[in-house]
Every structure is written in C-alpha cells, then in structure tokens.
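Written out below as structure tokens is the structure these notes cover.
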Amino acid sequence: MKVVILSGKGGAGKTTVAASLSYVWRQEHVAVDMDVEAPNLHLFLKPQITGSSEFTVEVPQVDESRCIACRKCVELCNFSALSLLGKKLLAFNEMCHSCGGCFRICPVEALVRNNRAIGNILTGEFAGVDQNSIAFVGGRLNIGEALSPPLIDAIAEYLHEKHESADIIIDGPPGASCPAMSAIKDSDLIILVAEPTVFGFHDMQIIYEAVADAGIPIAVVINKADELSVKVWEFCECKGVKVLAEIPFDKDLAQAYSNRQILAAYSKDMYKIFTELAAGVKCYV
Ligand code: SF4
Ligand code: SF4
C-alpha cells in the first residue's frame, strides 16, 4: 500500500502525521520524505543514515565550434534556458528542466549532454513502536535548486526497485503544484492534513481540487482541531471524503512537536489516535 500525506500549505501538520503513522505502522514499510525542498521527517524519526547517492539531471553544454546559431533550440526551450547573444549561445542550466528537446532538435549536434547534481537521496533505518527496524528514504534538493519533480520521480523509482513489496508512507511536498502531483503517482490513498484556520481550510480546498480527479481515494486528518473544525467536517461530508482522525489543538502537543517528538509516542491518547488512523488507512487497501 502506498499512502501519500499532503497539505494545502506548509505547517499544517503533514510531517507530524507521516511520522506518527509510520511509527505505529506494524507491517513492513518505508517512511519516505518527498518534501525535498524542505525535508524534515528525519528530525522526528531520527533515522541512522547509512547511504547517500547524488542525484543529477542532464543539461546542455554548448560546443561553440559546432554551433551555427540557427536559434532552433532557443525557440524550442519552454523554460528560457537557452539564449542567443549575437552568434553566441548561452545555456542557463539552473533554468533547464532536462526535457532533452534541444539535444534532439539541434541540426549539427552542437549540444553536449552534461550531468548536473541537484540533490541527494538518503537511505537509512529507524526504530518503530516495537523497536522494529523501519527503512527510511529521503530526498534533499540542493539549496537554490527549483526542480524537485525529477528528484521525487527518482525516489519513486528507487522505492519500486528496492522496496516493491513493502508499504510506503510518504511525507509529500506541501501545496498543490507539480511536486505534489509527482508525489501522488501510483498511490493508493491521499491523506490531506487540514488545519481548521481560515487559511488552512482555504488551502485544503485547493489541494483537494488539485487531486480530486486523479482517481485516487482521498481521506482527511484534521490537525489542531477546535470549534472551527466544523467547516472541514462539512466540506468533507459534502465531497464524500472520510475524516480519519482529529488531532486536538493543544499547547503541550505543539511543544512536543517543537521538541521533535513523534506525537504517537508522546501520550496514550496520541498513540490511540494514530493506531486508529492506521486502522482506518488499511481499510483503503
Ligand atoms: S533540455 Fe529542455 S529545458 Fe533544458 S535547455 Fe534543453 S530544451 Fe530547455
Ligand atoms: S540548435 Fe544547435 S546550432 Fe542551432 S543554436 Fe542551438 S546549439 Fe546552435
């Protein structure tokens, strides 16, 4: 089973939910951090990192001795990563999305394929609720890089190769843009973590609309639940979406979070909430 935890905005609590769900999940599984621009699942799970592999993308390098300045690659590139200055072709590799189009269109093979490192994939292990060893995989985009979908796709490929039979619990990227869409590929359930504030509820509706047509079941967890949660409940009822858990709005929980504690390990009440959440998630298999 592959579960992706998303939220309409950062700070809604998806890492809190992912860490605790993974902690109480007793079947063989992998806890995965696909929030590659700001990874923090490791802060809670505290895995022992045993492997790190550099992730690179293909970008063009101009062979000036061959380039005839025909502009074909410049006109093709949707990302303005190539520009002609007089007869000199400039490549802005930070803007390149590695689509490969320019290599194919160049009539004189003046573009050479170059590898550019944009991040890392870390692997390791941490201890679950029974002190059982659980696999951890996390992506980290280098600072200043903007191209997270290829790294997210590479993590998915790694999981497919190395952990095909294991359950996968993913702390996804926040928001409703390309990284989130990359993270939900081939998943069995999307959990939206909703914060019942005005902004939180608004952004939760946006992410719901973004993933609603993906053909993947959706469930909701309300974090920092209070009297305003009724709006989220009403929305979910209207859309036919199940609310699988409510995490109460509590200062002690916020403090535990700031101390990087896994909420499911913080108290019996929290443990119960997350074991019930795990049971609810398994109903979607
Ligand atoms: S690989 Fe694609 S995105 Fe990159 S420079 Fe070439 S055409 Fe542009
Ligand atoms: S398509 Fe090839 S020859 Fe034409 S400008 Fe680009 S690199 Fe130069």
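The values are calculated or read from the model by the stated rules, or taken from the named source; none is laboratory data. The model shown is predicted, which means the values in this text are computed figures rather than measured ones. Here the Cβ positions follow ideal geometry from the backbone for every residue, glycine too, while neighbour counts run over all protein chains shown. Remember, those area values only see protein heavy atoms, side chains included, never the ligands or the DNA or RNA. Shrake-Rupley method; radii C 1.70, N 1.55, O 1.52, S 1.80 Å.
Values as computed for the structure displayed
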| quantity | calculated |
| --- | --- |
| Extreme residue, nearest to Leu45 (Cα to Cα), among residues of the stretch 119-142 that are open to solvent by 50 Å² or more (accessible area, probe 1.4 Å) and at pLDDT 95 or above | Glu125 |
| Segments classed as helices (runs of 4 or more DSSP H), wholly inside the stretch 178-246, with at least 3 members that are surrounded by fewer than 16 Cβ atoms within 10 Å (Cβ to Cβ) and in the same structural domain as Glu157 (by TED's automatic domain parsing) | 198-211, 229-239 |
| Output for the stretch 27-65, where each listed residue is part of a helix (DSSP H, G or I) and either within 16 Å of ligand 1 (Cβ to nearest atom) or buried (at least 20 other Cβ atoms within 10 Å of the Cβ) (or both) | Leu41, His42, Phe44, Leu45 |
| The stretch 247-268, subset exposed (fewer than 13 other Cβ atoms within 10 Å of the Cβ) and more than 24 Å from the chain's Cα centre (by Cα), residue farthest from Thr15 (Cα to Cα) | Lys268 |
| Enumeration of residues in the stretch 85-96 that are within 10 Å of ligand 1 (Cβ to nearest atom) and open to solvent by 70 Å² or more (accessible area, probe 1.4 Å) | Phe92, Met95 |
| Flag if Leu82 is in contact with a Leu (Cβ under 7 Å, 6 or more places away or on another chain) and within 16 Å of ligand 1 (Cβ to nearest atom) | yes |
| Sole exception among (1) farther than 22 Å from Val30 by Cβ; (2) of a type in the set (S, T, N, Q); (3) touching a residue at least 12 places away in the same chain (Cβ under 8 Å) for Gln261, by number | (1) |
| Residue in the stretch 97-142 that is farthest from ligand 1 (Cβ to nearest atom), counting only those that are touching a residue at least 60 places away in the same chain (Cβ under 8 Å) and of a type in the set (Val, Ile, Thr) | Val129 |
| Some residue of the stretch 66-73 being within 16 Å of ligand 1 (Cβ to nearest atom), not in a loop (DSSP other than H, G, I, E, B) and not assigned by TED's automatic domain parsing to the domain that holds Gly139 | yes |
| Tabulated pairs, the stretch 82-96, first assigned by TED's automatic domain parsing to the domain that holds Lys72 and small (Gly, Ala, Ser), second part of a loop (DSSP other than H, G, I, E, B) and open to solvent by 50 Å² or more (accessible area, probe 1.4 Å), C-beta under 8 angstrom, 6+ apart or interchain | Ser83/Phe92 |
